[in-house]
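Student: Handing you a structure now.
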Amino acid sequence: MNNLEFKHGGNIYYFAEKFNLSLSDIIDASASIVPFPIPEFIKDELCIHIKDESFRYYPERNLNKLKETIGSFHNIDPSCIMPGNGASEIITWAGCEAAKYKLNCIPAPGFVDYERALNCWQAKYFFEELPKNNFKNIKQPFPIQPKCDVLWITNPHNPTGQLWDRKSLEKLIEDYKLVICDEAFLSLTPNGENESLIPFTKKFDNLIVIRSLTKLFSIPGLRLGYMISSSIKCQDLNNLRDPWPVNSLAIQAGIKLLNSKKEYKKWIRKIHTWINVEKQWLTNELKKISQIKVHESSTNFFLIQSKHSLKDGIDYLSRKKILIRECSSFRFLDDKWARISLQTHEKNQKIALELYNFF
Ligand SMILES: Cc1ncc(COP(=O)(O)O)c(C=O)c1O
């Protein structure tokens with residue numbers, strides 16, 4: 001596996017080829033994507049736009065309709081929104097903005113893309129360790145206050161699943177020159193939206209909030225995310241980008257899913273119920289394995305920790321067509337840690353069974 005693949009979960013193509021499997025044979029608990037089929041109303045919308053061949057034309061340059069839809073969804077002025085090719089592309093541009101300041105801090109262990117984005121722009125950064133306390137399933141104050149100009153926050157945090165309390169984050173916005181808050185998993189997280197910093201983008205122009213639509217709707221292959229910040233930051237960054245960063249099908253899917261309020265709410269209810277039920281079930285099952293410690297999480301993934309390397313266990317699972325995320329590429333974690341993303345009940349049963357079998 002090359003270095004890039006190794007740094008993220010979801011290396012499903014690599015394993016399919018290695019074991020001669022089709023993608024759907026694999027239980028991919030290494031990437032934290034909702035495991036249900038894409039909602040029908042999105043599939044129908046995509047079919048309409050494949051049939052009408054609207055992708056024969058370049059997408060609308062200013063992404064006006066998509067920005068208006070996102071704006072009315074969050075009650076934010078469309079000029080303060082910059083849609084992108086997944087949150088990952090937006091992170092690259094947040095990195096560009098962050099590089100204008102002297103020093104960045106990336107709390108760690110954390111999502112690897114912030115480092116990549118800062119390297120793109122030769123920004124200066126350091127890592128500050130986050131406590132991996134075994135908290136209960138509730139929000140908690142952000143635990144560190146590093147000395148830097150730009151602070152990167154992930155809410156809920158990846159890979160630990162810690163949910164940060166909005167009040168504690170508001171205070172940080174006042175203390176730093178720039179705060180970048182990646183809320184890629186917030187809409188999935190039960191009670192997560194209450195902790196969103198989006199409303200504060202109206203009050204603070206030193207705040208960038210990043211959102212992803214890929215995980216919640218199981219459309220990582222379509223690529224769709226957005227930034228909410230001051231209109232000046234959005235405008236300045238947008239001027240540097242490729243002319244058509246979001247493809248026409250992703251634009252149409254985004255408009256449809258954020259405009260379909262009733263279906264959206266129904267989907268969210270389904271996802272939150274699934275997380276509440278399956279997280280409790282799977283973590284309780286895994287807690288029966290004395291060789292591993294199961295860490296609490298607010299969202300659809302959680303960490304397990306062992307006294308010994310989990311490498312053999314991860315290899316064993318992959319031979320059983322189950323992928324979990326090994327954690328040695330995360331700073332301050334090592335091969336004794338792994339991240340597991342919730343699946344449908346049947347697949348969670350298989351994960352639990354194969355982990356018992358291994359231990
Ligand atoms: C914390 C975090 N932010 C952003 C992303 C990227 O999301 P997208 O698929 O929208 O690029 C990921 C992907 O795993 C992630 O874990």
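Only the coordinates and a few stated rules stand behind these numbers; no lab work does. Keep in mind that what you see is a predicted model, and the values were worked out from it rather than measured. Cβ sites come from the backbone with ideal geometry, for glycine too, and all protein chains shown count toward neighbours.
Student: Any idea what Rg and Dmax come out to for the stretch 26-109 if you just take the C-alpha atoms, in Å?
Tutor: Rg, Dmax (Cα atoms, Å): 17.6, 50.
Student: Given contacts defined as C-alpha pairs under 8 Å and at least six residues apart, what's the relative contact order of the stretch 146-305, whole-number percent?
Tutor: Details: 218 pairs, mean separation 38.1, N = 160.
Worked out over the stretch 146-305, it gives 24 percent.
Student: With springs only between Cα atoms under 10 Å apart, run a GNM on the chain and tell me which of Tyr101, Tyr264, Tyr57 wobbles the most.
Tutor: Tyr57
Student: Are there any trypsin sites (Lys or Arg not before Pro) in the stretch 188-238 that are in a DSSP loop and have at most 13 other Cβ atoms within 10 Å? List them by number. Could the numbers behind the result be given before it?
Tutor: Details: sites: Lys202, Lys203, Arg211, Lys215, Arg223, Lys233; in loops: Lys203, Lys215, Arg223.
Here the trypsin sites (Lys or Arg not before Pro) that fit, given the DSSP loop and packing criteria, are Lys203.
Student: Can I ask one more? Please work out the Kirkwood hydrodynamic radius for the stretch 233-359, using every pair of different C-alpha atoms, and report it in angstroms with one decimal place. Can you show the working numbers first?
Tutor: Details: mean 1/r = 0.0576 Å⁻¹.
17.4 Å is the Kirkwood radius here.
Student: Rg/Rh for the chain: what does it come to with C-alpha atoms and Rh from Kirkwood? Intermediate values should be presented prior to the final figure.
Tutor: On the way: Rg = 20.0 Å, Rh = 21.0 Å.
Value, to two decimals: 0.95.
Student: Between the DSSP loop rule and a limit of at most 15 other Cβ atoms within 10 Å, which trypsin sites (Lys or Arg not before Pro) in the stretch 103-176 are left?
Tutor: Lys124, Lys136, Lys147
Student: Let me ask you something else. So which cysteines of the chain have no other cysteine's Cβ under 4.7 Å from theirs?
Tutor: Cys47, Cys80, Cys96, Cys120, Cys181, Cys234, Cys327
Student: Let me ask something additional. What's the magnitude of the charge dipole for the chain around its Cα centre, counting Lys and Arg as +1 and Asp and Glu as -1 at the beta-carbon? Answer in Debye, nearest 20.
Tutor: Numbers: 49 positive and 41 negative charges, 116 e Å.
With only Lys, Arg, Asp and Glu charged at Cβ, the dipole is about 560 debye.
Student: Further question on the same structure: Alpha carbon centre of the stretch 146-209 versus the stretch 58-103: separation in Å?
Tutor: When both Cα centres are located, 16 Å separates them.
Student: Something else: Taking only DSSP H segments of four or more residues, each worth -39500 (n - 2.57), what value at 222 nm results for the chain once the sum is divided by all its residues, to the nearest 500 deg cm²/dmol? Mind dumping the intermediate values first?
Tutor: Details: 12 runs with 135 residues, N = 359.
Using -39500 (n - 2.57) per qualifying helix, the result is -11500 deg cm²/dmol.
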